[in-house]
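Comments concern the structure below.
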């Protein structure tokens, strides 16, 4: 059941987001085939603290839709929570941006993004004891390096903090934005540096990309930790070879995830070396290497992984890995989620279990996995054909499966609980009233169950004339016969108990809402 967004007249551009894809072992953002022209007020992707991510107001304008999700499987046993994606498509008829949807594919919140900007890793995290929305936003090169900012927004969609690398000349990359219990953020900074690559077959006057993991104090913006891959991982450990072109920087490691292990040290995924590094958070020294050419562990049957993404600690000495098992040009090898347990004293690694898609989906780039509160596993399969997201029970049963349109993917996707409370009022959009349809629009409100429609003549009190079930933040309502001659209309948002959450302004029939924020 594909749920397309309808013609929307009241969306705004604020967050600037997109999703990365992966070429020659590196992630690269796939730009739209043609520019998306902003048709409403644009916040230029650098909104400061206190900015409100709320709809602007434009009347009578058609907005390009984001890629829809075609829900293929939806069985009992699924975890609670909404879907968080930043789906992108090269097709010009689809918009890009962060989106929250329910697991029927109905949009709860969406932001179209200005042309030339991208976003990744849109999710719910905790900051100062509160649930917040976080994402990376900025620009990306065709080699998969990003230059942008981490944003933190509250339940009202207000930006309450931003994160960047503080040193001049350094930029925050698109691959990771992880908040910690220390009030810090773990980020990645890709930093090109001059380097003699002749021993590896590259140019003597070449450039290497140093993958730098940084920990930033969110409140002060100060750098707490700075870990340079170039200082700890030799170039010879990489599975990638440099280009002979001196203008092509050599991204030999392509770090694509950072996590905190159960003992407080760091887990760093080196995609270009098919290796996971455990790093001492205090000294920066490598504690051990798992996988790749220089593993410190003997790999048991089924352990070996390659071109992995999204490595996470799930227990003492146990790790969950999204194993792409393939890359662009080597399509056909099925990807999987692998749970691996290591024994540092014995130097062994064993496969605990794994999860593949029943259709043996092959994700050549991107991807990730998430452990849900009920023990299920949520998987985003990266760049497959088409991009997929799935939920599996503990015993491997497929409980949920959705597909994006062809050539569309989401760098990561999550199922998460969220209660959004937009600061704007709901709006009644009546520009199609003469066709017998009006629309209740409230972008970001997560607890609306139904809409109540009220009508009145030129004089007299508004009276209820009907209700409609919520069907996405832009819900169409068919005007009943008793309201076809009404002069004024209003909608009320109702929760599951039928209690009024909020009401739209009273709107004259034939006039589109134009009251702004």
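Would it be correct to say that residue 509 is within 31 Å of the chain's Cα centre (by Cα) and either over 30 Å from residue 156 (Cβ atoms) or at pLDDT 95 or above (or both)? Even if it seems obvious, please write down each step before you answer.
Values: within 31 Å of the chain's Cα centre (by Cα): no; either over 30 Å from residue 156 (Cβ atoms) or at pLDDT 95 or above (or both): yes.
Considered against the rule, which asks whether it is within 31 Å of the chain's Cα centre (by Cα) and either over 30 Å from residue 156 (Cβ atoms) or at pLDDT 95 or above (or both), residue 509 comes out as no.
Of the strands (runs of 3 or more DSSP E) lying entirely inside the range 26-119, those containing at least 1 residues that are closer than 29 Å to residue 307 by Cα, more than 16 Å from the chain's Cα centre (by Cα) and at pLDDT below 80 are 26-29.
Looking at 307, 339, can you tell me which residue is assigned by TED's automatic domain parsing to the domain that holds residue 376 and part of a loop (DSSP other than H, G, I, E, B)? Outline the logic, then answer.
On the way: 339 fails: part of a loop (DSSP other than H, G, I, E, B).
Testing whether each residue is assigned by TED's automatic domain parsing to the domain that holds residue 376 and part of a loop (DSSP other than H, G, I, E, B) leaves just 307.
Results for (1) in a strand (DSSP E or B); (2) farther than 15 Å from residue 308 by Cβ; (3) in the same structural domain as residue 153 (by TED's automatic domain parsing); (4) in contact with a helix residue (DSSP H, G or I) (Cβ under 7 Å, 6 or more places away or on another chain), shown as yes or no for each residue.
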| position | (1), (2), (3), (4) |
| --- | --- |
| 321 | yes, no, yes, no |
| 334 | no, no, yes, no |
| 358 | no, yes, yes, no |
| 361 | no, yes, yes, no |
| 400 | yes, yes, yes, no |
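Output the residue which, of all residues in the range 128-146 that are surrounded by fewer than 17 Cβ atoms within 10 Å (Cβ to Cβ) and not in a loop (DSSP other than H, G, I, E, B), is farthest from the chain's Cα centre (by Cα). Only one residue tops the list, namely 130.
Just one of the listed residues (284, 264, 300, 272) is touching a residue at least 24 places away in the same chain (Cβ under 8 Å) and at positive phi, namely 284.
The values are calculated or read from the model by the stated rules, or taken from the named source; none is laboratory data. Owing to the predicted nature of the structure, the values given are computational and were not obtained by experimental measurement. Cβ sites come from the backbone with ideal geometry, for glycine too, and all protein chains shown count toward neighbours.
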